[in-house]
Structure formats: C-alpha cells, structure tokens
Amino acid sequence: MRRVLLSLVFAGAASLALAMVGGAPPASDAVARRVALIVGSRGNFCSGVALARDLVLTAAHCVTPRADYKLVEYDARRQPILRDVADIERHPQFELKALLAHRATADVALLKLTQPADLAPARLMPSPEPVALRVAARTCPPVRPSPRTATP
C-alpha cells in the first residue's frame, strides 16, 4: 500500500512539474542534479538543494518530527530510486508556530543520507565568517571560507 501511495505521489509530482514549466524542456542535467525531491511518509513532498552528495538542505517545515523521509532520484529510464535518510537536523531556532503566524523563523534543515546519491553539490557564495554544521548529533569542524579574490 505504501509503495502504491509513493508511486501516486511521484506521478503527481512529475505531472505538476510539467505544469509548472508549461511543457518547456527540462533543466540541464548539471542543474537538475543539484535539486533534490524529498518525500515523506505522511504524503508530503518538498525540494532541497545538494550541499554534498550525502547532505541536502531543505526547509524545516518540510521535515516534521515522527515521520520518515526519502530522497528521490531517477535512473536513466526516469524510474524513481528511493534513498534512505540517516538523520535530519532542523535549525534549533525553528518555530512552527512562528511560521504559521507569518513571523520570521529559521526555516532550514539538513538531511544526511545513508549513502551518497548521484547529486552535484551546489556552489555557494563565499562567506567572511566560518560556518559550522551540526549533523547526526555531532558538530563538524568549522569550514573556513576561501580568501576572496579581488574583482577589478
């Protein structure tokens, strides 16, 4: 039953995606491999962006507690492949009540996959401050930005 439900979600998402772009040709493979589709056990789905082959950034409101999530990939024949999510870390300052009241909140979350997926990490802008990621109940060492190059 669960597989049938997920199949219907995939079919609906695919037809919705075509409706959103008006039948335009799909994005290039380089762009498409940076965007991830996330499906939940409660029938919801959201998008995310690959930060690494096993790390996806999404909205915190997309990954509610006590639900299971999968990342959807498509093979060469456009058949869905479900990837397991090992851990989900919502921003500690995310408040659903604030979001529902249209107030600002830290609406971001990280999904750690059990295995690397066929994703191309998105290129992020350099930051003057170091960034620390807390994933799988551990803190990764800060990532120092590369020195900015002067532009003429």
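The values are calculated or read from the model by the stated rules, or taken from the named source; none is laboratory data. Computed from a predicted model, the values in this text were never measured in an experiment. Positions of Cβ are backbone-derived with ideal geometry, glycine not excepted, and every protein chain shown enters the neighbour counts.
Is it fair to say A67 is surrounded by fewer than 18 Cβ atoms within 10 Å (Cβ to Cβ) and touching a residue at least 24 places away in the same chain (Cβ under 8 Å)?
On the way: surrounded by fewer than 18 Cβ atoms within 10 Å (Cβ to Cβ): yes; touching a residue at least 24 places away in the same chain (Cβ under 8 Å): yes.
So A67 fits the description; yes.
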Residue within the stretch 48-66 that is out of contact with any strand residue (DSSP E or B) (no Cβ under 6 Å at 6 or more places or on another chain), farther than 28 Å from E95 by Cβ and modelled with pLDDT of 90 or more present: yes
So P121, is it free of Cβ contacts under 8 Å to residues at least 24 places away in the same chain and not in a helix (DSSP H, G or I): no
